[in-house]
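The structure under discussion appears below in the form of structure tokens.
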Amino acid sequence: MTIHLEKAVSRVDGPLKVTGRALYAGEFGTADLCTGYVVNSSIAKGRILRIDTTEALKVVGVLDVLTHENRPAVASYNESYTDMDAADGKHFRPLYNDRILYSMQPVALVVAESFEAARYAASLVRVDYESEPPQADLYAQRSEAHKAPTELPPDRGDAEEAWTQAPVKVEAEYHSAAEFHNPMEMHASTVIYSTDGKLTIHDKTQGVQNSAQFISNIFGLPDGDVRVVTPFVGGAFGSGLRPQYQLVLATMAALKLKRSVRVVLSREQMFSFGHRPETLQHLKLACDQDGKLVSTIHEVMGETSSFEDFTEMVVVWSASLYQCPNVRLKYDLVPLDLYTPLDMRAPGAVLGVYALESAMDELSYAAGIDPLELRIRNFTATDPASGNNPYSSKELLECYRQGAERFGWNKRSPQPRSMKEGRQLIGYGMATGVWEAMQNPASAKAVITIDGSVVVSSATADIGTGTYTVMTQIAAECFGLPLEKVTFKLGDSTLPKAPLEGGSFTVSSVGSAVKQACEALQQQLLDQAKQDDQSPFKNFELTDVIFENGTMRIKASPQECIEITELLKQGGSPSMEALASASPKEERDNYTTATHSAVFVEVRVDEDFGTVQISRMVSAIAAGRILSLKPGRNQILGGMVWGIGMALQEEGMLDKKLARWMNHNIAEYHYPVNADIHDLDVIFVKEHDEIVNPLGAKGIGEIGIVGVAAAIANAIYHATGKRIRDLPITLDKVFQS
Amino acid sequence: MNATPVRQHRPEAESETHSISLLLNGKQVQLTVEPWTTLLDLLREHLNLTGTKKGCDHGQCGACTVLVNGTRINACLSLAVMQDGAEITTIEGLANGDQLHPMQAAFVEQDAFQCGYCTPGQICSAIGMIKEGKAKTRDEIREQMSGNLCRCGAYTNILAAIEQAMPACQGESRE
Amino acid sequence: MNRFSYSKPQQVSEALQQLSDTGRFIAGGTNLLDLMKENVARPSQLVDINALPLNKIETTQAGGLRIGALVKNSTVAYHPDVERVYPLLAHAILAGASAQLRNMASTGGNLLQRTRCYYFYDVGTPCNKREPGSGCGALEGQNRIHAILGHSEQCIAVHPSDMCVALAALEATVHVSGPSGNRSIPFADFHRLPGDTPHLDTNLAPDEIITAVELPPRGFAENFAYLKLRDRASYAFALVSVAAGLELNGTSIGAARIALGGVAHKPWRCPEVEAALIGKPATEESYRMAADALLQGAVGFEHNRFKIELARRAIVRALSEAAAGVNAQ
């Protein structure tokens, strides 16, 4: 029995967010704050010949215009620009020199007393370039592809031969458009300059320590001189995994002017850094007459920049999701004159699983087997990609069963184009989803004070994922306290070390550290009690006692109880604290740890116009224990909405001659609005796991989106008989094909 | 975290300024503004009312939705000087002390947000929508709330929160 | 946003007097301020016309409706006379933008909305509309949202309004005032095709102001449809839209109006095609003939060729819905 965990509690930061009192990176200030506005390049490749700032400097209120010619000194070694999520290669350095590497590259920062003056003056900066023709066409540059610098699972058997010999097979090419994170909060950095030269930075980031280290390295500042404090992040989805250029520019300006500076990117500028890469995937699948897979060949070509190699886990899933004796994987990168792609919600998996699960659907029709049944027949309880290690837990079959039942999969008529209502064609589609359940080393500190309240802290982030709430629940559970007596602090680089907030590993990593810190503190309290030779606790261990409502009791004889405040008094200190670091258990190495899902979708297609409505979706999730039900369900709902966007709407439109993203706004870069979303249903399948981490919770930020695009594309095929292998599936592709 | 120090509004020297008065969250205020300052920037940059969010600055996201004379609008696409004499309610003006507005309370209870950045705009928009009285069915609410993007994708819960708060809000707008 | 002076006159004559050569009127501001922030529009002066007495909706002597230029889009859409007599207009308005924008945007301003062409909006790229002579980026660039009818080598942008498509179908009249007095412009003549002067969207002179839009009595309230096709369910500009109004004599067509949005530099109408429908049976076959005729000469580009067939189907569907009276109250 738990008192807080696995319960539907309201977010602890909710009141701040609904009253507008939660402060985001661009909302901190000081009396002397000035504002920077970025000037971006109009060309994609070449050199800056001249930057004329005369007119800009004449604007009243303008303090300076920073360019590569007058910026403060920065590190010259590439390694200094390596951050915790850096891609391999020569990292981009803002305002470093006259070279233009991509369109909309920052070339100057106008700093002024007011936002309005900075923005106006930025429009007056004149830049002359020497331009070279850029390459931005993935198809045209295919011959320039090179092997992605990442290790893939080894080939198994002879996939080509097995495919050739197989009785049932499919071969298809899938394309997906570049996507942009577009969190609601635009990237912003507020650098508060203190008279002793120390910087307090409010940066939109998924890793305050990543940003702090990055700035220390680039500007050669002692670690203690840079503190990054970001209590709230207005969404990120990966865009805050790497420090973005506004952080560097704001810091440059603060150091040069010795003043506090804020730089907020415009929405247009949100298209001037990382994105999910455009990807081309070639799939060959084959099975025997019973539907058992005999060959899987998955080849991927992804976009990268001219200066870094961006890699993600895109093909590996095809080696592990199903049992298949013959597997061959390939992953190549095509360098283009664009900014380096960037991890974006379930990086790699959404793409690779989209292609794999679409091809599985095609195979099901080729084999004449129900798509769900085909997956069940190829289910594997062990992980073939790791030499058939067992999974720490894998309730995927239960996801299939419960999801299908809730959805009413059995009402599906097998033939495509066989379900109709008026002018609307109705289709059912499904797909499997998978994401790795990772754990990274993390630390946390727990403090208990004389008033009985507990404060736990770690330098993690809450990007909307519910970190504040779930960590509060974990600590409150440990101490048997009401939530109001527990505070969780995050988003401060001076707090105990935490990994980046991403990859769905925050609960697993930081949550484990929080639990251990609380337990270490409890041990100290118990040790304090044992100082008294008369103490009834003298002969008991931590596992023998429980904490509740400010007391410590012996489980076996609950009447033996001591007030925690009493213990603190005995210790002669108003508070007691403990620091703990949690690392993955070695035992994990013998297992594969992953979250799974089964996604079921109903689409309604107007065949005349090709418009697609997602009328229903059920997602059944196996992700271990779901510690916080409200934010947990919300994460999955959000993933489903993201899947709808990816499948039907999201597309960075590139002018290939200019190598420039043209729909750089959120009126023309479409993602779902309220009217696009209908009946979404989430099932959390019970999954017991004692291996993955002490909490038994796997993390759920990514799994909600994986598989959704395939399920939708498969449903569209079922509705229309049209197989569209190109995301997003906009209406023209549906009605024309 | 520390409260943000109030930044004094500093009109640029020698620029044209205008004197305006607003009834802002129930308080009469007299301000000097430059013509190019938007209502949104007036709130965020000059008055430290950062509860109203800037999500695009181009009328494409709804994060800056405020109520002007009771009507929901995008604060980013209106000049402050054009609002002289207006009654403006922002997210900061909805709660009664510690007592959340029914819409705010419903958003918390239904978990109608994740990152919270679109939330003030969603809440103001929902209150404005109920006052307009045109959305009755779920599909009508979805359509009428489509001017407020939520990148976290919390639409299902936003709908639930609005449905929960609607009776209380209707009572309020009748008063 | 560049520097400008600001004034707020009380009368039309005063507004006209105050406007300088490089100045602009501002009403709702939803489009102008957006463009100013992108540095696409850089007026030296804004004349705020919100205090002018142009915010009434009145019945005309002819039995039509006169909508003041400052009446908000949402006020028009929910006005009882509009809902009753011109539901086509109400539907078109409510298909556009968001509730917030409709609460801000004015009737006159809606007519003067500028294109959503990506290149027009991005000062880092060529655009003949924004900067005559700089070239058209869309012609060989990203042109999914561009024109299939009436375009020129100079410009393939489309007019973005939904409301105007309905106003075109309803044969509204635009009333304007200028230094030399008042005049009226038939809706069909209000917007221009790009030709060699793509920087000119309309035939309104720079020193003129829209005072009202007048609707004739005929509202097609029984048989109408506004059909909008776009890339998401709401809050997106039209790929193709159709405003259709019919009057039926039993099973044959007595009168027809068809205007297309999202396909040209102005709402697209062909009165000859409408005339040819008179007396024809109200059947899909008739509608298909009309669609073919309306789209005669349509030429698409790399990313928008689909619009030709999409528009054809949309015309047929809109006329079918109009004939069936599915939208009538």
Neighbour-count order for A:Glu278, A:Glu484, A:Glu160, C:Glu214, fewest beta carbons within 10 angstrom listed first: A:Glu484, A:Glu160, C:Glu214, A:Glu278
Shape of segment B:42-156, Cα gyration tensor, a/c cut at 1.5: rounded
Local net charge near A:Pro416, Cβ-Cβ under 10 Å (Lys/Arg +1, Asp/Glu -1): +3
Shape call, segment A:440-583: gyration tensor on alpha carbons, a/c limit 1.5: prolate
Per-pair calculated FRET efficiency, R0 = 41 Å: B:Asp139 and C:Arg305 via Cβ, rounded to 0.05: 0.80
In Hz, Karplus ³J(HN,Hα) per residue of segment A:76-81 (6.51, -1.76, 1.60; θ = phi - 60°; x = Gly, Pro): 9, 7, 4, 4, 5, 9
Anchor C:Lys72: aspartates and glutamates whose Cα lies under 16 Å away (excluding residues fewer than 8 positions away in-chain): B:Glu132, C:Asp48, C:Glu58, C:Asp81, C:Glu83, C:Asp162, C:Glu214
Neighbour-limited loop hits for trypsin sites (Lys or Arg not before Pro), segment C:5-79 (at most 10 other Cβ within 10 Å; DSSP other than H, G, I, E, B): none
Cross-link pairs A:Lys489/B:Lys136; B:Lys131/C:Lys56; A:Lys7/B:Lys27 - those with Cα-Cα distance over 30 Å: A:Lys489/B:Lys136; A:Lys7/B:Lys27
13 Å reach of a label modelled at A:Glu586, 7 Å along Cα-to-Cβ, counting backbone N of segment A:435-477: none
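Which order do A:Asp361, A:Asp137 fall in if you start with the one that has the fewest other Cβ atoms within 10 Å?
A:Asp137, A:Asp361
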Around A:Val125: net Lys/Arg minus Asp/Glu count, Cβ-Cβ under 9 Å: -1
FRET efficiency estimate (nearest 0.05) - Cβ-Cβ, C:Gln329 to A:Ser418, R0 41 angstrom: 0.65
Reach of A:Lys686 by Cα under 15 Å, taken over aspartates and glutamates that are not fewer than 8 positions away in the same chain: A:Glu6, A:Glu395, A:Glu398
Ordering of A:21-30, A:335-344, A:607-616 by burial proxy (mean other Cβ atoms within 10 Å per residue, highest first): A:335-344, A:21-30, A:607-616
Ranked A:Met360, B:Met166, criterion: other C-beta atoms within 10 Å, fewest first: B:Met166, A:Met360
Beta bridge orientation in segment A:531-686: antiparallel %, DSSP, nearest 5: 75 percent
Phi-based couplings in Hz for segment A:303-315 (Karplus 6.51, -1.76, 1.60; Gly and Pro marked x): 7, 9, 8, 7, 10, 9, 9, 8, 10, 9, 7, 9, 9
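Could you work out [θ]222 nm for chain C from helices alone, using -39500 (n - 2.57) per DSSP H run of at least four and dividing by all its residues? Round to the nearest 500 deg cm²/dmol.
-7500 deg cm²/dmol
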Value of [θ]222 nm, deg cm²/dmol, for chain A, DSSP H segments ≥ 4, -39500 (n - 2.57) each, nearest 500: -7000 deg cm²/dmol
Kyte-Doolittle mean at least -0.5 and Cα axial length at least 20 Å: DSSP H helices in chain C: C:306-324
Calculated over the protein assembly as shown: convex hull of Cα atoms, volume per residue (Å³): 174 Å³
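What average count of beta carbons from other chains do you get within 10 Å of the Cβ of residues in C:69-76?
Values: counts 0, 0, 0, 2, 0, 4, 0, 0.
Rounded to a whole number, the mean comes out at 1.
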Cβ crowding within 10 Å averaged over residues, with C:15-22, A:317-324, A:242-249 ranked highest first: A:242-249, A:317-324, C:15-22
Rounded if a/c under 1.5, otherwise prolate or oblate - chain A, Cα gyration tensor axes: oblate
Mean separation of Cα contacts under 8 Å, 6 or more apart, over the residue count of segment A:440-583: relative contact order %: 35 percent
Pair A:Asp533, C:Arg288: separation of 7 Å Cα→Cβ label points (nm): 10.5 nm
If the convex hull is drawn through the Cα atoms of segment B:18-93, its volume per residue in Å³: 73 Å³
In Hz, Karplus ³J(HN,Hα) per residue of segment A:635-647 (6.51, -1.76, 1.60; θ = phi - 60°; x = Gly, Pro): 4, 5, 4, x, x, 5, 5, 4, x, 5, x, 5, 6
Two-site FRET efficiency, C:Gln11 against B:Ser15, from Cβ-Cβ distance with R₀ of 25 Å, rounded to 0.05: 0.35
Distance in nm between pseudo-label sites at A:Ser615 and C:Glu140 (7 Å out along the Cβ direction from Cα): 4.6 nm
Cross-link reach list, lysines versus A:Lys411, counting only Cα pairs under 19 Å and skipping chain neighbours closer than eight places: A:Lys420
For chain B, share of DSSP beta bridges that run antiparallel, in % to the nearest 5: 90 percent
Placed amide H near A:Ser393: partners under 5 Å, 5+ positions off or other chain: A:Ala594
Zone of C:Asn182's modelled label, taken as backbone nitrogen in segment C:211-227 under 14 Å from a point 7 Å along Cα→Cβ: C:211-215
Peptides ranked, highest mean first, by Cβ atoms within 10 Å: ranges A:589-595, C:113-119, A:460-466: A:460-466, C:113-119, A:589-595
Label-to-label distance, nm, for residues given as A:Arg50 and B:Ala168 (7 Å Cα→Cβ offset): 6.4 nm
Charge sum, other residues only, whose C-beta stays under 13 Å from A:Val18's C-beta, Lys/Arg counted +1 and Asp/Glu -1: -1
10 Å Cβ neighbours from other chains, averaged over peptide B:56-69: 6
Equivalent ellipsoid, segment C:5-49 (semi-axes from 5 times Cα gyration tensor eigenvalues, Å): 19, 11, 7
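Any read-out appearing in this document is the output of simple, stated calculations on the displayed coordinates, not a laboratory observation. Here the structure is a predicted model, which means the values were calculated and not measured. Every residue, glycine as well, gets a Cβ built from its backbone with ideal geometry; the counts of neighbours run over all protein chains shown.
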